Amino acid sequence: MNHDPDTPHSPGLADLGTRLERTNELLRRMLAEVAKTPSTHAIFVDAGYVHAAAGLLVAGTEDRRSFDLDAEGLIEAFIDKARTIFADSRLLRVYWYDGARRRIHTSEQQAIAELPDVKVRLGNLNANNQQKGVDSLIRSDLESLARHRAISDAALIGGDEDLVPAVEAAQGYGARVHLWGIEAAEGRNQAEPLLWEVDSTRTFDLDFCRPYVTRRPVTTYESEGEPPPSRDEVRQLGAQIAATWLGERGADALAELLPGHPYLPGPVDQDLLVEAERRLGRSLRGHAVLRRSLRDGFWQQLQSRL
């Protein structure tokens, strides 16, 4: 007598039931193992944002050359805050994203890279001191770590709208992204689309940031009681700085500057001033005539290379 394969006593259904039970048992074991695995978090820091926001809040300026940032102390504070927020989670590492000429570490960036549990990732800096490639580095790391289930939570410290794709990519793989920011002196310093996309937000206020930012003192000729250098001396100094600038950045950077002659982009002009003051050991603030002589020497040197 033949058995109907669809009856409850069918061997085919019995085998299927056995296989389902075996599969369910494997799933139960996997879930039990996952439950034993601790959560992991990482901290992603856009150093450009931190310098600008913390500098403006504490020192009243975004110019990194006008203040010192205790990066080691600030990173430790971020780690401690994450330890409190993600109480049942372990830290994977802190990613510190910054820009550098030709992606060569500065002495400050080298010191940060030597800190435990910190990874420094460098984008480039163009002739105008603008970071290039940092957002793509953040997206690459966030997406890769989320995809491989290396992190369950990401604390992102930044404010650029270009970070939205990084947030979406990480969330697509199941990671939660928490946006941390620094209090803005006025308005906001984080893009609204970025605020809309993240899972939570947190803002660090003046009291939190103040211990890690120190304004550099600026000396003046008047306070030193010494006369300023001559216009010719400053013009020659501008030419010397231009020669160094051109040697480091090359013809492409020069081509970017030429259309703006006789004006220098703000970041380049600021670099020129800071370097001249460093070589002189004195300030040129408040000496408009000398600063014009400095720019004249800079331009004359550049144009002589054409």
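Around His51, what is the net charge, scoring Lys/Arg as +1 and Asp/Glu as -1 over all other residues with Cβ under 14 Å from its Cβ? Display every interim value, and only then the final one.
On the way: positive: Arg64, Arg65, Arg215, Arg216; negative: Asp46, Glu62, Asp63, Asp68, Asp70, Asp98, Glu108, Asp160.
In short, -4.
Would you mind telling me the share, in percent, of accessible area of the chain contributed by carbon and sulfur at probe 1.4 angstrom? Walk me through the numbers before you get to the answer.
Details: 8410 of 17050 Å².
The C+S portion of the solvent-accessible surface of the chain is 49 percent.
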Task: Degrees separating the helix 266-280 axis from the principal Cα axis of the chain, which is the longest one - done: 60 degrees
TODO: Provide the net charge surrounding Arg22, with neighbours chosen by a C-beta distance below 13 Å and charges set as Lys +1, Arg +1, Asp -1, Glu -1.
DONE: 0
Open item on the list: On C-alpha positions alone, give me the angle between the axis of helix 231-257 and the longest principal axis of the chain, in degrees, nearest 10.
Closed with: 30 degrees
Task: Cα centroid separation - the stretch 182-207 against the stretch 39-75, whole Å - done: 14 Å
- [ ] With a 1.4 Å probe and every protein chain left in place, work out the accessible area per residue of the chain in Å², rounded to a whole number.
- [x] 56 Å²
Open item on the list: Distances longer than 36 Å among the Cα atoms of the chain: what percent of all pairs is that?
Closed with: 38 percent
- [ ] Report, to the nearest 10°, how far helix 71-85 tilts away from the longest principal axis of the Cα atoms in the chain, using its own Cα long axis and a range of 0 to 90°.
- [x] 30 degrees
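Which order do peptides 267-277, 253-263, 158-168 fall in by mean Cβ count within 10 Å, highest first?
Numbers: 267-277: 18.2, 253-263: 12.4, 158-168: 20.3.
Ranking, from highest mean packing down: 158-168, 267-277, 253-263.
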TODO: Per DSSP H run of n ≥ 4, the term is -39500 (n - 2.57); total these for the chain, divide by its residue number, and report the mean residue ellipticity at 222 nm rounded to 500 deg cm²/dmol.
DONE: -15500 deg cm²/dmol
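The values are calculated or read from the model by the stated rules, or taken from the named source; none is laboratory data. All figures in this text were calculated on a predicted structure; none of them were measured in a lab. Because the Cβ atoms are built from the backbone with ideal geometry, glycine has one as well, and the counts that use them run over all protein chains shown. In case anyone asks, the SASA skips ligands and DNA or RNA and just uses the protein heavy atoms, side chains included. Shrake-Rupley method; radii C 1.70, N 1.55, O 1.52, S 1.80 Å.
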